[in-house]
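One structure is given below, encoded as structure tokens.
The values are calculated or read from the model by the stated rules, or taken from the named source; none is laboratory data. In this text, all values refer to a predicted model and were calculated from it rather than measured experimentally. All Cβ positions, glycine included, derive from the backbone under ideal geometry; neighbour counts span all protein chains shown.
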Amino acid sequence: MKDKLISYLTFGNHFYSVEQTQQNGEPLYYGITLKKKKNQVEVEHSFQFNNLTESTKYIPKNKPVFLIINNENIITKKIENSELDTLKLTHLAFPNIKIEDFYYEILKQENVHYIAICRKTYLDELLNDYRSHHISIIDFSLGNLMIASLVHLISEDKIHTSNAIISKENNQIVNILADHSSNKTTYNFNNTSLNTTELLNFSSALSLITKTKAIESLFGDIQNDLQRDFKEKTFFIQFIKIGLSALFAALLINFFVFNNYYEKVNTLKETTQVLNTSKNKVIRLNENVQKIQKVVEDVLKSNASKSSFYANELISSLPESIILSKLNYQPLLKKIKANKSIINDTNIIIISGASSERVVVSEWISQLEIKHWIHKIEIINFEDTTTSSSLFSFKIYIENETKN
């Protein structure tokens, strides 16, 4: 499971192969795309283009590509020998070449072997050209030798590729002849239908999936370098994607958390503001109450003894035949209302009552008028209820207290 995940993250599920051949001396490119689905592989599409700049229409960046070089720069020779040593077979096929200047591949069979070679300078330059067009080559093959992987699947004895006719006997290749005709033959096997220009690419792309090849490639370190560079580039890209995704997820989570706390903070701020406003109102009300209380206490302190004095003076001089119904010291001028000042009729005493002897009231008023603290007396009401009794009400104006 782990290996499958690593393979998917590295290579994905799309594999590409490009065959570079030529027609009338001009480069010609055939390509194929294989899609891996669970344990099956299907041909998603095949394509053809005449210039590497057109490759981006068919091959996305950073996707694994197998390259087949199948043009005039590839020399393929047939060796009939029972020898199986790679180096000896190469020298038998090409006795006069400097082997370190070439990349070469060998298809080993029982007695018939095929060796394909290509100069390193040409192939290195070619790979750089593909790299400059953002095509990620991770493996390559020379000539028509990759057909060896499909020989046992195809029932026909002669197999046509883009530039050759492959003859086979007993599932072994016995001859490879050049063929530049444009005729296309279709081959059917394992519920797959492929034409002449798709065979080599199918076999090559399939080798990327199965990681197996029917031929022996002697390309030195370049093959490992290509795969290492691709894996490092893919790892970097995946790391960036995963890193950015993780960063975005973290920022998104942080945003929601921050937004949630921000709303709560705003709610608390609003609540605090309301509470502070209420607190300030309470403080102001409390200050007003304290001021009013202080005023009342001051008034009560200043008037308590005087009101007692006035009441005592009046009661002590009250005749027995008079019954008082009211003795109001500093009566209110207006009804008490919220948020309004209390207004008293200062230095005033209002007295009301009844007398069984009419003349006694007059005499009592005369006695009071001579008291030093009384400025004057004003009769408010005086009426007889019977021939001998009467109701009365009068107002006493007290001398200004500041004079006393």
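Can you tell me which residue within region 91-126, out of those that are more than 58 Å from the chain's Cα centre (by Cα) and buried (at least 21 other Cβ atoms within 10 Å of the Cβ), is farthest from Leu145 (Cα to Cα)?
The residue in question is Ala93.
Can you report the number of residues in region 117-161 which are within 14 Å of Thr76 (Cβ to Cβ) and part of a loop (DSSP other than H, G, I, E, B)?
3
Have a look at Thr192, Thr185, Thr196 and point out the one that is touching a residue at least 24 places away in the same chain (Cβ under 8 Å), farther than 15 Å from Ile68 by Cα and touching a His at 6+ places or on another chain (Cβ under 6 Å).
Result: Thr185 is the single residue among Thr192, Thr185, Thr196 that is touching a residue at least 24 places away in the same chain (Cβ under 8 Å), farther than 15 Å from Ile68 by Cα and touching a His at 6+ places or on another chain (Cβ under 6 Å).
Please go through region 29-46 and pick out each residue that is out of contact with any Asp or Glu (no Cβ under 9 Å at 6 or more places or on another chain) and assigned to a strand (DSSP E or B).
Hits for region 29-46 are Lys37, Gln40, Val41, Glu42, Glu44, His45.
Give me a count of the residues in region 172-185 that are farther than 13 Å from Gln23 by Cβ and either under 59 Å from the mean Cα position of the chain (by Cα) or of a type in the set (Val, Ile, Thr) (or both).
6
Does Lys211 fit the bill of being farther than 21 Å from Ile59 by Cβ and either among the basic types (Lys, Arg) or not assigned by TED's automatic domain parsing to the domain that holds Thr21 (or both)?
Spelling it out, it is not the case that Lys211 is farther than 21 Å from Ile59 by Cβ and either among the basic types (Lys, Arg) or not assigned by TED's automatic domain parsing to the domain that holds Thr21 (or both).
Which residue is surrounded by the fewest Cβ atoms within 10 Å (Cβ to Cβ), if the candidates are limited to region 161-179 and must be β-branched (Val, Ile, Thr) and over 16 Å from Ser149 (Cβ atoms)?
Only one residue tops the list, namely Val174.
Provide a single number: the residues in region 45-90 that are basic (Lys, Arg) and crowded, with 18+ Cβ neighbours inside 10 Å.
Within region 45-90, residues that are basic (Lys, Arg) and crowded, with 18+ Cβ neighbours inside 10 Å number 1.
Kindly list, by first and then second residue, each pair from a residue in region 371-395 that is closer than 16 Å to Thr346 by Cα and in contact (Cβ under 8 Å) with a residue 60 or more places away in the chain to a residue that is among the acidic types (Asp, Glu) and surrounded by 10 or more Cβ atoms within 10 Å (Cβ to Cβ), limited to pairs with Cβ atoms under 7 Å and residues at least 6 apart or on different chains.
Listed by first residue and then by second, the contacts come to Trp373/Glu399.
When the residues of region 18-43 are filtered to those that are under 17 Å from Leu200 (Cβ atoms) and loosely packed, with under 15 Cβ neighbours inside 10 Å, which remaining residue is modelled with the highest pLDDT?
So, considering only residues that are under 17 Å from Leu200 (Cβ atoms) and loosely packed, with under 15 Cβ neighbours inside 10 Å, the one modelled with the highest pLDDT is Pro27.
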